[in-house]
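The values are calculated or read from the model by the stated rules, or taken from the named source; none is laboratory data. This one's a predicted model, so the numbers in the text were calculated from it and none came from an experiment. Neighbour counts are summed over all protein chains in view; Cβ atoms, including those assigned to glycine, are modelled from backbone coordinates with ideal geometry.
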Amino acid sequence: MGAEAQATVFVLWNDDSVHLLGRAVHLTDDNPVLGSDSAASASYRWHMTPTTWVEGGLNSYTDGSNGPAVALTRWFGDTSLQMFARKGGINTFVGLELTLPLTPRQGMGAARVQLGGNPRYAQPIRTLLTSGTDKANTQKPGAVRPVDLSYKSEVELLNSGRISADYISTQLPRLRESFYLYGRALMP
């Protein structure tokens, strides 16, 4: 039982955006981990180019710790590479995340059978940043995990955060080609 919410607010004067995410879930007896799973995030995304952005914000992580996070994301076509740093309590994690497309660009037409699923596969790798007082890079798989929503409207509706006037203008040749290859056949 619980609730999830996500809001994306676009800044009027440029392609930057503000992102608010929240999740509050009480896990049931059917779940092996009893208790609650709550997390929240508020961040600002600065679009340097249509394919590169820096995002910084404050998080309340799933382990109950709080702290800042910063990420640099670069898109190479439909594949993205992200470098991130997250601090929660006394733990600081740095890492990389590679996101690969899973589905073709053209959607499925109307048919008796439809296939659906997540359009992207993301594989992160992270490590605990050590310090003079904490020299051991111990495994802490549940520590400093950001909010992870079941339904990600940014992925499903906003092309993984790449929707902007600049992005659309760079994609116009592809959109035009798609119309002439697939869209005209649907016109009466």
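The number of residues in segment 134-162 being assigned to a loop (DSSP other than H, G, I, E, B) and either in contact with a helix residue (DSSP H, G or I) (Cβ under 8 Å, 6 or more places away or on another chain) or basic (Lys, Arg) (or both) comes to 5. Look at segment 121-144: where a residue is touching a residue at least 12 places away in the same chain (Cβ under 8 Å) and a partner is outside any loop (DSSP other than H, G, I, E, B) and loosely packed, with under 12 Cβ neighbours inside 10 Å, sitting 6+ places away or on another chain with Cβ atoms under 6 Å, you get Tyr121/Leu100. Here Gln139 meets the list (1) closer than 26 Å to Phe76 by Cα; (2) in contact with a strand residue (DSSP E or B) (Cβ under 9 Å, 6 or more places away or on another chain); (3) of a type outside the set (Val, Ile, Thr) almost entirely, failing just condition (1). Being closer than 22 Å to Tyr121 by Cα and surrounded by 13 or more Cβ atoms within 10 Å (Cβ to Cβ) is the filter here, so list the residues in segment 154-176 that pass it. Glu154, Val155, Leu158, Asn159, Ser160, Gly161, Arg162, Ile163, Tyr167, listed by residue number. Restricting attention to segment 93-102, the residues being under 14 Å from Arg145 (Cα atoms) and not in a strand (DSSP E or B) number 0. Just one of the numbered conditions (1) modelled with pLDDT of 75 or more; (2) within 20 Å of Leu98 (Cα to Cα); (3) not aromatic (Phe, Trp, Tyr) is not true of Asn118: (1). Is it the case, given these coordinates, that Leu21 is surrounded by 17 or more Cβ atoms within 10 Å (Cβ to Cβ) and at pLDDT below 95? Yes; evaluated as a whole, the condition is true for this residue.
Only residues that are touching a Ser or Thr at 6+ places or on another chain (Cβ under 9 Å) and over 17 Å from His19 (Cα atoms) were counted in segment 39-65, giving 4.
Selection of first residues in segment 151-179 that are under 15 Å from Gly77 (Cα atoms) and of second residues that are among the small types (Gly, Ala, Ser) and not in a helix (DSSP H, G or I), restricted to Cβ pairs under 8 Å at least 6 apart or on distinct chains, gives the following pairs, ordered by first then second residue: Ser160/Ser80; Gly161/Ser17. When Thr103 is evaluated against the numbered criteria (1) at pLDDT below 85; (2) closer than 22 Å to Glu55 by Cα; (3) among the β-branched types (Val, Ile, Thr), which criterion, by number, is the only one it fails? Going through (1) at pLDDT below 85; (2) closer than 22 Å to Glu55 by Cα; (3) among the β-branched types (Val, Ile, Thr) one by one, Thr103 breaks only (2).
Residues in segment 163-188 that are among the hydroxyl-bearing types (Ser, Thr, Tyr) and part of a loop (DSSP other than H, G, I, E, B): Ser164 only.
Out of curiosity, is Leu158 farther than 24 Å from Val18 by Cα and of a type in the set (A, V, I, L, M, F, W, C)? Taking the combined requirement at face value, the residue does not satisfy it.
Is at least one residue of segment 131-143 modelled with pLDDT of 75 or more, under 29 Å from Ser38 (Cβ atoms) and of a type in the set (Gly, Ala, Ser)? Yes, some residue in segment 131-143 is modelled with pLDDT of 75 or more, under 29 Å from Ser38 (Cβ atoms) and of a type in the set (Gly, Ala, Ser).
Of the residues making up segment 1-21, those that are out of contact with any Lys or Arg (no Cβ under 8 Å at 6 or more places or on another chain) and among the β-branched types (Val, Ile, Thr) are Thr8, Val9, Val11.
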